[in-house]
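Read through the structure below, which is laid out as structure tokens, and then see the notes.
The values are calculated or read from the model by the stated rules, or taken from the named source; none is laboratory data. Being a predicted model, the structure only gives us computed values, none of them experimental. Because the Cβ atoms are built from the backbone with ideal geometry, glycine has one as well, and the counts that use them run over all protein chains shown.
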């Protein structure tokens, strides 16, 4: 019979590190992944910068039925995640549009984030390209639904 040998890991793994900006020359300070300022204030600021009034309306409509959920959107989604330093606002909005397109059933949220993409400097053609790419991964119906929403947003923006 073959003997079993158990190897035990005796060292403790180090904390995961956040990827560094290759242009950051100061290698002595850790990358910022948490903030000292108030996450609610940061979330409100980020929400306003990205979505403007449309995002604020969404949160306000949730307050009467689920006030905690409204706070989670501000604190976690916008204060902790959308405000992180690892991606710029444009990249985050394009990633969000891709995810919402792929879901195929989140047209109201997609509308808010297409407006947000335009607010942070994305061009309509960039939004369309992201949606077209999702046809490969999420299917044509999801892409068609997203393109319909995008058309409505672009028409309202130029209105």
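For the stretch 40-54, a tally of residues being at pLDDT below 90 and surrounded by 16 or more Cβ atoms within 10 Å (Cβ to Cβ) returns 1.
Criterion applied to 57, 63 was being in contact with a helix residue (DSSP H, G or I) (Cβ under 8 Å, 6 or more places away or on another chain), under 29 Å from residue 156 (Cβ atoms), surrounded by fewer than 16 Cβ atoms within 10 Å (Cβ to Cβ) and at pLDDT below 95, and the one residue passing it is 63. Criterion applied to 125, 156, 133 was being assigned to a helix (DSSP H, G or I) and either under 27 Å from residue 61 (Cβ atoms) or at pLDDT below 95 (or both), and the one residue passing it is 156. The set of residues in the stretch 70-105 being surrounded by fewer than 20 Cβ atoms within 10 Å (Cβ to Cβ) and not in a helix (DSSP H, G or I) consists of 84, 85, 86, 87, 88, 104, 105.
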